Amino acid sequence: MDETLLLPEVKQHYEALPYPPRNPNDEKNRLVKTTGDNLDKLNHYCFNGKRDFSSGFRCLVAGGGTGDAVIYLAEQLRYCNGEVVYLDMSEASRAVAEKRAAIRGLTNITWVTASLLELPSLGLGKFDYINCSGVLHHLESTEQGLQALVDVLQDDGAIFLMLYGRYGRTTVYEMQALLREYLPASADIPEKIEMARKLLDHLPKFNNFKRDLDAGLWGHEMSDDGYGDEGLYDLLLHSRDRCFDVQELYQLIEPTGMFLADFVGRDRRFYDPCNLVSDVQVQRRFKQMKKRQQQSVAEKLCGQFKKHEFYLTRKKNSRSTLNDMDNVMLLVDEMEGQHKILSESMMPPKPITVTYKVKRYEEKINIKGTAITKQLFFYMDGKTPLNRIFKRIKKLIPGTKTSEIKQELSDVFEVFSSRGWLYLRHSGVKKRE
Ligand SMILES: C[S@@+](CC[C@H](N)C(=O)[O-])C[C@H]1O[C@@H](n2cnc3c(N)ncnc32)[C@H](O)[C@@H]1O
């Protein structure tokens, strides 16, 4: 490993406190599903739903940490002749990730210990997909790190990035500044943690970070039943931590020639300011803005984005759309496999209510009960193409016009896809095992 291509304090940090803390034995009971790495989502956003993962799909997880993304990708590619390359500069983190993979019996992972800045010279070849989550903001130069990733990306490849958000972390940066002044420079990692915990236990109740803690924010990151000392150090004592607002993200990406395909985290619908303010006049003003400005305004309106999670692609318009009638619809995450239940529970004209829950945020969504939507739900089965769905609906409900089905499809698609539940895949692509 070329030690000149990494920050020594950051390496020392992750050797002492691999992040996130994981117990390899937990692999026997659960699979951690990371935000950007569901292959159906990736296909939908970055490959027009047309990518076949069954023949030699190559992924890189740059800054793989204790292995969440590498394990999830390797599991999905287990029977697909694909390869996942794990790269991290921390040997302690790699050891945890390797144990997790061994428990699962995964044999499709290549393990590399290096700085990601070495990537262009490591001879690892080109990658179809690169995950780099929570890493580039810890480098001396995020710009240089991103360029190193782009240099090893295939011409039609895609990247998932997670970078810290500026506004959702305001109080974290106040607390970091306080701790930098409070802690003696000579303190080692355990001493810093102990002194920081003592201070955190005695914050005045009007302290901004304390107000966040009392409101239920950041607690999991630092508590014993959450990420503990590893989380506390990562959040409040990191030696290199840079955040981005939306405009800064675009400025970071522009020189690489890549496009921001879409935001994909649980907050993605709030990057549209019209989902945050219902007044029609205000919305009219938002609609006059370019997408980038809308997103920039939205993040300030929302104020909650702790992180930005998004895909980058080399070409524009890499997303699947409803215009391609050969696409099939598939439900993922908590809606996975729910298409028949959704359809059966709809008794037109009664609406049905679905609940969208992200941590402390809960929303009840009413969906109009119609015979068409009932059928649309039924066919969110991951195998029936839109053209066949349209034909069947017309046969089942005589007199139905194409335009009516299109309108209802577009409405229900907006509700489900903006919440990360519904995706499209081209019917020509084989379903994976
Ligand atoms: C906050 S952790 C994130 C781990 C993982 N990506 C995840 O989301 O679970 C950051 C990781 O980036 C690694 N890292 C930081 N700088 C790096 C560099 N220059 N090259 C390779 N890995 C690096 C650290 O060792 C650490 O494991």
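From the protein chains alone at 1.4 Å, what is the descending order of accessible area for Glu254, Glu404, largest first?
Output order, biggest surface exposure first: Glu254, Glu404.
How high is the relative contact order of the chain? Use alpha-carbon pairs under 8 Å, at least six apart in sequence, and give a whole percent.
18 percent
Return one quarter of the surface area of the convex hull spanned by the alpha-carbon atoms of region 255-371, equal to its mean projected area, in nm². List each step's numbers first, then the result.
Values: hull surface 41.0 nm².
With the hull built on Cα positions only, its mean projection is 10.3 nm².
With a 1.4 Å probe and all protein chains kept in place, how do Trp421, Trp218 rank by accessible area, largest first?
Details: Trp421 0, Trp218 20 Å².
Solvent-accessible surface, decreasing: Trp218, Trp421.
Can you list the residues, at least 5 places off or on another chain, whose amide H is less than 5 Å from the amide H of Gly64, using H built in the peptide plane?
The list, which skips near neighbours in sequence, is Leu87, Asp88.
Looking at the square roots a ≥ b ≥ c of the eigenvalues of the Cα gyration tensor of region 1-123, which shape do they give, rounded for a/c under 1.5, prolate if a/b is larger than b/c, or oblate? Please list the in-between numbers first.
Values: a/c = 1.99, a/b = 1.35, b/c = 1.47.
In terms of gyration-tensor shape, oblate.
Could you order Tyr361, Tyr86, Tyr227 so the one with the most accessible surface comes first? Probe is 1.4 Å.
Greatest to least solvent exposure: Tyr361, Tyr227, Tyr86.
If Rh is defined by the Kirkwood formula over all Cα pairs and Rg also comes from Cα, what ratio Rg/Rh do you get for region 93-219?
1.07
Hey, which of these cross-link pairs are over 32 Å Cα-Cα: Lys291/Lys430; Lys33/Lys205; Lys290/Lys364; Lys307/Lys374; Lys364/Lys406; Lys391/Lys430? Display every interim value, and only then the final one.
On the way: Lys291/Lys430 34 Å; Lys33/Lys205 36 Å; Lys290/Lys364 30 Å; Lys307/Lys374 36 Å; Lys364/Lys406 24 Å; Lys391/Lys430 23 Å.
Cα-Cα > 32 Å for Lys291/Lys430; Lys33/Lys205; Lys307/Lys374; rest within.
Give me the three principal axis extents of the chain from the C-alpha atoms, as integers in angstrom, largest value leading.
So the extents along the principal axes, rounded to whole Å, are 79, 52, 43.
Could you tell me the convex hull volume per residue, in Å³, taken over the Cα atoms of region 168-236?
83 Å³
Ser403: accessible area at probe 1.4 Å, nearest 10 Å²?
Surface accessible to solvent at Ser403 totals approximately 80 Å².
I'd like to know which of Gln295, Thr170, Gln154 lies farthest towards the positive end of the charge dipole of the chain, counting +1 on Cβ of Lys and Arg and -1 on Cβ of Asp and Glu.
Sorting the options by dipole projection puts first Gln295.
Only helical DSSP H runs with n ≥ 4 go in: add -39500 (n - 2.57) per run for the chain, normalise by residue count and round the 222 nm mean residue ellipticity to 500 deg cm²/dmol. Write out the running numbers ahead of the final one.
Details: 17 runs with 166 residues, N = 433.
Per the formula, -11000 deg cm²/dmol.
Using only alpha-carbon positions, what ratio does the radius of gyration of region 327-426 give when scaled by 2.2 N^0.38 Å?
Taking N as the residue count of region 327-426, the ratio is 1.04.
The values are calculated or read from the model by the stated rules, or taken from the named source; none is laboratory data. These figures come from a predicted structure and were not determined experimentally. Note that each Cβ is placed from the backbone with ideal geometry, even for glycine, and that neighbours are counted across all protein chains shown. Side chains are part of the model used for accessible areas, which takes the heavy atoms of the whole protein and leaves out ligands, DNA and RNA. Shrake-Rupley method; radii C 1.70, N 1.55, O 1.52, S 1.80 Å.
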